[in-house]
Amino acid sequence: MMKLSGVKYLIDQGTENIWKNKMMAFATFCVLLISLLLVGASVLFYINIDSIIGGISNKNEIAVFINDTASFEDIEELGNNLSVIDGVSEVTFESKEQAFQSMMKSMPEYERIFESLGSENPLVDGYRVKVYDINRVTEIIDIIRGMNNIYYIKASQEFVNILMELRRIVTLIATAIIIGLIIVSMIMISNTTKASVFSRREEIQIMKYVGATNGFIRIPFFIEGMVTGFFSGAGSFILTLVVYRAIFKILKNNISVMNVIGLGSIIPFGKIQFYVLGAYLIAGAFIGGLGSVLCTRKHINV
Amino acid sequence: MVELKNVSVTYSSGVDALNNVSLKINDGDFTFVVGSSGAGKSTMIKLLLKEIDATSGFVTVNGYNLSKLKKNKIPEFRRTLGFVFQDFRLIPSMTVYENIAFVLRVIDSPKKFIKKRVPYVIGLVGLQSKMNSYPDELSGGEKQRVAIARALVNDPQLIIADEPTGNIDPELSYEIVELLKGINDCGTTILMVTHEHDLVRHFGGRIINITDGEIVFDEIIGGINDEA
């Protein structure tokens, strides 16, 4: 069992080595920074696209029309049943009178036709059901169909299908890009770390000759890689913060764009900043530390 | 103690580097191993450092049977040895003090002991004034002295010196061997590989000559100093 002073020495060595091998450490820092930024930016782009699709899909409603024969209690019970369905975000009751009024408002050119109906209202009471999970629209419609006092269900299935397909394609492309970037990043990081470790192979050999254990050799490299990776993560976070906020500001001020993608669909950085920071720091430290340790393996077998 | 019993080494390329070699070096001996390049000297060193394994035969160093030594026991075994290489192999980013103290840190020696032991060893090789210098600031002879101090610092039973005078001026070579002789006088076994026959003739002692992977000569000869 190593003494506490020994552990402290190894940690000190790891941090000192960054300064002693500053050129290689800087190269590793830059490569890690670029890699983290590439992957991070792709992930952020994807989650925003997903959020935009989600925002659009949230505007999608299922109109549930109720049988004329349903009592007040039946209607209330149906409302309760609708609101507890998993995937439903909002349930709003619309009486046939309200529906008639809004129809008249939306179609002023047919005012005469509406007047000719007199007190007769051909519409029925209904609920407007908002779905937050677009993937579940079909399933939710099936559930509603099985409920009592349902007269008719109307949902734009085509629109739902388009959005679902769009989300599927975006997810596929984003996953492919992210996996590709992760592979490219790993190759870049691995080569830089290999070069860094190779430049110190003699140091590793000497350590082996004087009886250093593999752990003793690896710990400073691990600490060094981890600290470098940690700073790369911090650097990536700062750059992401600045660029993200700038893009967010531009889009927010562009009303025509916001009309299309929906206000609130782009995630404000403040909402995700701790996740982004955590992900960058952990990924940076993990990749940096692990990469260094793996690269010492070849030189450690002396 | 070093003992090789019927040791043969054949590399994967098919080259027979050592062929049925047997030898015994007792504790406290000073032994020169000579031979031309490609004779098998480096293979023997690699065997003694447990860098490679014998194809057949047994190798015992400082009580460790290297043929049976497990990988995780290699660091423990190497701590009983000291090495001096032709190319010094000092860590350039460390000062003289740090290069030597490093060996003791590897074996987890107490800080107090390191602070006391390292300056003492540096004193033995006469480099007190260079304690805080970096290897780049030293001459070849000085670098080799640091390497010797490093080999000596953990008080090893055996020091293996692989062509320690190969990269330094001829006049300094004698000083280096004198230094090793002095260490040997204190009880440490020294095995020095060299191809400098003048040096061997000058100092004398046990000479092992390896040619084409076989020991062709193993005798004690008198040195020039002895003759005088």
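The values are calculated or read from the model by the stated rules, or taken from the named source; none is laboratory data. The model shown is predicted, which means the values in this text are computed figures rather than measured ones. Here the Cβ positions follow ideal geometry from the backbone for every residue, glycine too, while neighbour counts run over all protein chains shown.
Filter segment B:27-49 down to the residues that are hydroxyl-bearing (Ser, Thr, Tyr) and part of a loop (DSSP other than H, G, I, E, B) and list them by number.
Step one: list which residues in segment B:27-49 are hydroxyl-bearing (Ser, Thr, Tyr), which gives B:31, B:36-37, B:42-43.
Result: B:Ser36, B:Ser37.
Let me confirm something: among A:Leu82, A:Leu32, which residue is within 30 Å of A:Ile179 (Cβ to Cβ), away from every other protein chain (no Cβ under 14 Å) and at pLDDT 85 or above?
Within the list A:Leu82, A:Leu32, the selection yields A:Leu32.
Only one of (1) surrounded by 21 or more Cβ atoms within 10 Å (Cβ to Cβ); (2) more than 11 Å from every other protein chain (Cβ to nearest Cβ); (3) not hydroxyl-bearing (Ser, Thr, Tyr) fails for B:Leu172. Which number is that?
(1)
Could you check segment A:7-29 and list, in sequence order, the residues that are assigned to a helix (DSSP H, G or I), under 17 Å from A:Val293 (Cβ atoms) and either over 33 Å from the mean Cα position of the chain (by Cα) or within 14 Å of chain B (Cβ to nearest Cβ) (or both)?
Matches in segment A:7-29: A:Val7, A:Leu10, A:Ile11, A:Gln13, A:Gly14, A:Thr15, A:Asn17, A:Ile18, A:Met24, A:Ala25.
Within segment A:182-220, how many residues are within 14 Å of chain B (Cβ to nearest Cβ), buried (at least 18 other Cβ atoms within 10 Å of the Cβ) and part of a helix (DSSP H, G or I)?
13
Of all residues in segment A:35-69, count the ones that are modelled with pLDDT of 85 or more, surrounded by 16 or more Cβ atoms within 10 Å (Cβ to Cβ) and not in a helix (DSSP H, G or I).
Total satisfying the criteria: 4.
Taking the conditions exactly as written (crowded, with 16+ Cβ neighbours inside 10 Å, modelled with pLDDT of 85 or more and of a type in the set (Phe, Trp, Tyr)), does A:Phe72 satisfy them or not?
Taking the combined requirement at face value, the residue does not satisfy it.
Just to check your reading of the model, which residue among B:Lys112, B:Lys73, B:Lys68 is over 27 Å from A:Arg201 (Cα atoms), out of contact with any Leu (no Cβ under 6 Å at 6 or more places or on another chain), modelled with pLDDT under 95 and within 13 Å of another protein chain (Cβ to nearest Cβ)?
B:Lys112
Given the criteria within 10 Å of chain A (Cβ to nearest Cβ), part of a loop (DSSP other than H, G, I, E, B) and among the basic types (Lys, Arg), does B:Arg89 qualify?
yes
Looking only at segment A:263-293, filter to residues that are small (Gly, Ala, Ser) and outside any helix (DSSP H, G or I); which one of those is surrounded by the most Cβ atoms within 10 Å (Cβ to Cβ)?
A:Ser265
Out of all the residues in segment B:97-145, which are assigned to a loop (DSSP other than H, G, I, E, B) and in contact with a Phe, Trp or Tyr (Cβ under 7 Å, 6 or more places away or on another chain)? Don't jump to the end; show me each part of the working.
From segment B:97-145, those assigned to a loop (DSSP other than H, G, I, E, B) are B:107-110, B:125-127, B:131-134, B:138-139; that's our starting set.
Correct list: B:Met131, B:Asn132.
For segment B:146-166, what are the residues that are among the polar types (S, T, N, Q) and either surrounded by fewer than 24 Cβ atoms within 10 Å (Cβ to Cβ) or not in a loop (DSSP other than H, G, I, E, B) (or both)?
B:Asn154, B:Gln157
Under 25 Å from B:Thr31 (Cα atoms), more than 14 Å from chain A (Cβ to nearest Cβ) and either under 16 Å from the mean Cα position of the chain (by Cα) or surrounded by fewer than 22 Cβ atoms within 10 Å (Cβ to Cβ) (or both), is that true of B:Leu124?
Spelling it out, B:Leu124 is indeed under 25 Å from B:Thr31 (Cα atoms), more than 14 Å from chain A (Cβ to nearest Cβ) and either under 16 Å from the mean Cα position of the chain (by Cα) or surrounded by fewer than 22 Cβ atoms within 10 Å (Cβ to Cβ) (or both).
Take segment B:182-192 and flag every residue that is assigned to a helix (DSSP H, G or I) and crowded, with 16+ Cβ neighbours inside 10 Å.
So the first thing to find is which residues in segment B:182-192 are assigned to a helix (DSSP H, G or I), and the list is B:182-185.
The answer is B:Ile183, B:Asn184.
When you go through B:Ile107, B:Ile52 one by one, which is the residue that is within 14 Å of chain A (Cβ to nearest Cβ), touching a residue at least 12 places away in the same chain (Cβ under 8 Å) and within 30 Å of B:Asp16 (Cα to Cα)? Show your work before the answer.
On the way: B:Ile107 fails: within 30 Å of B:Asp16 (Cα to Cα).
Testing whether each residue is within 14 Å of chain A (Cβ to nearest Cβ), touching a residue at least 12 places away in the same chain (Cβ under 8 Å) and within 30 Å of B:Asp16 (Cα to Cα) leaves just B:Ile52.
Yes/no per residue for (1) of a type in the set (S, T, N, Q); (2) under 18 Å from the mean Cα position of the chain (by Cα); (3) within 16 Å of B:Gly213 (Cβ to Cβ):
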position	(1), (2), (3)
B:Thr10	yes, no, yes
B:Asp16	no, no, yes
B:Ser22	yes, no, yes
B:Phe30	no, yes, no
B:Val34	no, yes, yes
B:Gly38	no, no, yes
B:Ile45	no, yes, yes
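Of the numbered conditions (1) in a helix (DSSP H, G or I); (2) over 16 Å from A:Ile153 (Cβ atoms); (3) modelled with pLDDT of 80 or more; (4) not β-branched (Val, Ile, Thr), A:Ala99 satisfies every one except a single condition; which is it?
Failed condition: (2).
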